[in-house]
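Taking it in order: structure first as structure tokens, then the write-up.
The values are calculated or read from the model by the stated rules, or taken from the named source; none is laboratory data. In this text, all values refer to a predicted model and were calculated from it rather than measured experimentally. All Cβ positions, glycine included, derive from the backbone under ideal geometry; neighbour counts span all protein chains shown.
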Amino acid sequence: MQTPALASSAQPRLTRGVRLQTDSKTGNSVLLFPEGVLELNETAQEILNRCDGRTVSEIIQALAEEYDIDPKMLAIDVEETLADLKRRKLIELT
Amino acid sequence: MIAPRPYALLAEITYRCPLHCPYCSNPIANGNLEGRAPVTPGKTGSQELAPPYNAELSTDEWKRVIREAADLGILQIGFSGGEPLARRDLPDLIRAAREANLYSNLITSGIGLDDDRLCALRDAGLDSIQLSFQSDNTNLADEIAGTRAHQHKLDVAAKIRAAGIPLSLNFVIHRRNIDRLPQMIDLAESLHAERVELANVQFYGWAFLNRAALLPTREQVVRAREIATVAKARLAGKIDIFYVLPDYYESRPKPCLSGWGQRYLTVNPIGEVLPCPTASSAIPDLRFENVRARDLDWIWRESESFNRFRGTEWMPEPCQSCPQREIDFGGCRCQAALLTGNAANTDPVCELSPNRALVDEVLRDLDSSTPKAFGADWTYRVNPKTVLTPV
């Protein structure tokens, strides 16, 4: 699988026009954007809830501490998820 | 049958429109169940007026529909028409959608959108705008729209960008403009759109009436597909390009609506709730419920119109035993009704349909057309008649 490496100092943010909200029917998080709805899995949900100006490495660190997981293991998941969201233009990296 | 959860509501808040595009999917006859006349391409009848606009739902009725839609699980609302800006209460409706946590998209020609209205819509919580264009070329665009609109649309696109609202462009592609696809893509790029729909015309409403003038040739379609494919790859990551296929030239039908009564519903200006925006005119024998009489939840779950073609049980052969039946859902019910006279038939676009000859015949007639017939005139869309209520 080829995913472009994400700079650990990049700050992921939702792209303008993309809304993150709780689906009242399921209680899960969804991303809403023009003509589309993306139902988020738990990983994506936890990551996006922390895309508030923090860098990729800060997000990994925060999740690792909260869930007591090895940051190196977690980094793969986080980077894959962010790369996927970026490919769909749902997040931007600044 | 257990109804699935709907995701998106198309709110057609008015049929009034300052443009007269000959491919409009609005009904050319509607509103009067007894008065609906079947439509044949190239033939106009006497009962083709859309409902008078004083029969439109009121602001309060729309607000109730929006709340009921959110309760039903709907997450997206598209405000469409006609031209939705023709209703002065649009900001109120968008605010109601925002309060109900719906993501709102305005589907507009841009006519009537000045700085003040744009601010009002943004402040009300509008999430995105889809702006229609008829061509990249002013003269051609204005000819297609039947009015001078193109220059204004360019200004509006810039204003939308300046207001910070995400912008999608929509081009309906047909015989008269399909050869300008590269220039239209260039226009989208220069206007910094985030998303572009290159939508080959689908033949419903006015487009069905004007099919002979709008249907592109096979040669045009092949070239357009190549251009769209190349542009999609070139602009990946910059502009999302959605190319809507010209289904008469396909061998399998489009997965219309992701299945009837599965994800989408439409409420038209007079409150009829439709599984598909073109259903009321294309399928005259189906009775549609009205939000003035029933709540949306009941209509979605229980009504005959939503259940008639839900799932796969209604399917005839060759759909019933087809491995593709949950991929294309038998295609489009409206197209089956318009071309075969029976909405329950397999979409005749499908190469397995016993009625495919009906589509081939249309294509063959086009190929053998004389230059004169090739440039067949179209009938411009007209607005519904205004009926004044006595004071």
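Table: residues versus (1) at pLDDT 95 or above; (2) among the small types (Gly, Ala, Ser); (3) out of contact with any Phe, Trp or Tyr (no Cβ under 9 Å at 6 or more places or on another chain); (4) not in a loop (DSSP other than H, G, I, E, B).
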site	(1), (2), (3), (4)
B:Met1	no, no, yes, no
B:Pro6	yes, no, no, no
B:Tyr15	no, no, no, no
B:Ser25	no, yes, no, no
B:Asn30	no, no, no, no
B:Val39	no, no, no, no
B:Thr44	no, no, yes, no
B:Asp60	yes, no, yes, yes
B:Lys63	yes, no, yes, yes
Practice task
Exactly one condition in (1) more than 18 Å from B:Val230 (Cα to Cα); (2) free of Cβ contacts under 8 Å to residues at least 12 places away in the same chain is not met by B:Lys159; state its number.
Solution key: (2)
Problem - Residue selected from the range B:166-186 under the condition surrounded by fewer than 22 Cβ atoms within 10 Å (Cβ to Cβ) and closer than 22 Å to B:Thr138 by Cβ, by the criterion nearest to the other protein chains (Cβ to nearest Cβ) - result: B:Asn170
Fill in the blank from the handout: Selection over the range A:78-94 where residues are away from chain B (no Cβ under 14 Å) and within 15 Å of A:Asn49 (Cβ to Cβ) yields a count of 3
Practice task
Being over 23 Å from B:Asp240 (Cα atoms), within 10 Å of the chain's Cα centre (by Cα) and not acidic (Asp, Glu) is the filter here, so list the residues in the range A:42-81 that pass it.
Solution key: A:Thr43, A:Gln45, A:Ile47, A:Asn49, A:Arg50, A:Cys51, A:Val56, A:Ile59, A:Val78
Practice task
Sort out which residues of the range B:199-221 are closer than 30 Å to A:Arg16 by Cα and either within 14 Å of another protein chain (Cβ to nearest Cβ) or in contact with a Gly (Cβ under 7 Å, 6 or more places away or on another chain) (or both), and write them in order of number.
Solution key: B:Ala199
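Please list, ordered by residue number, the helices (runs of 4 or more DSSP H) wholly in the range B:78-165 having 2 or more residues that are touching a helix residue (DSSP H, G or I) at 6+ places or on another chain (Cβ under 9 Å), more than 14 Å from chain A (Cβ to nearest Cβ) and farther than 17 Å from B:Leu191 by Cβ.
Hits in the range B:78-165: B:90-99, B:115-124, B:138-145.
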Exercise for the section: Answer yes or no as to whether B:Ala11 is more than 22 Å from B:Phe203 (Cα to Cα) and either away from every other protein chain (no Cβ under 14 Å) or modelled with pLDDT of 70 or more (or both). Expected result: no
Problem - Check on A:Thr43, of a type in the set (Val, Ile, Thr) and loosely packed, with under 14 Cβ neighbours inside 10 Å - result: no
Fill in the blank from the handout: In the range B:314-344, anything part of a loop (DSSP other than H, G, I, E, B) and surrounded by 22 or more Cβ atoms within 10 Å (Cβ to Cβ) is listed as B:Cys319, B:Phe329, B:Gly330, B:Gly331, B:Cys332, B:Ala343
Exercise for the section: Please give the number of the condition A:Pro12 fails out of (1) within 14 Å of another protein chain (Cβ to nearest Cβ); (2) touching a residue at least 40 places away in the same chain (Cβ under 8 Å). Expected result: (1)
Fill in the blank from the handout: With criteria (1) within 14 Å of chain B (Cβ to nearest Cβ); (2) surrounded by 14 or more Cβ atoms within 10 Å (Cβ to Cβ), A:Gln61 comes up short on (1)
Handout entry: Filter result for the condition that a residue is in contact with a helix residue (DSSP H, G or I) (Cβ under 8 Å, 6 or more places away or on another chain) and of a type in the set (D, E, K, R), over B:Glu289, B:Glu304, B:Glu313
Key = B:Glu289
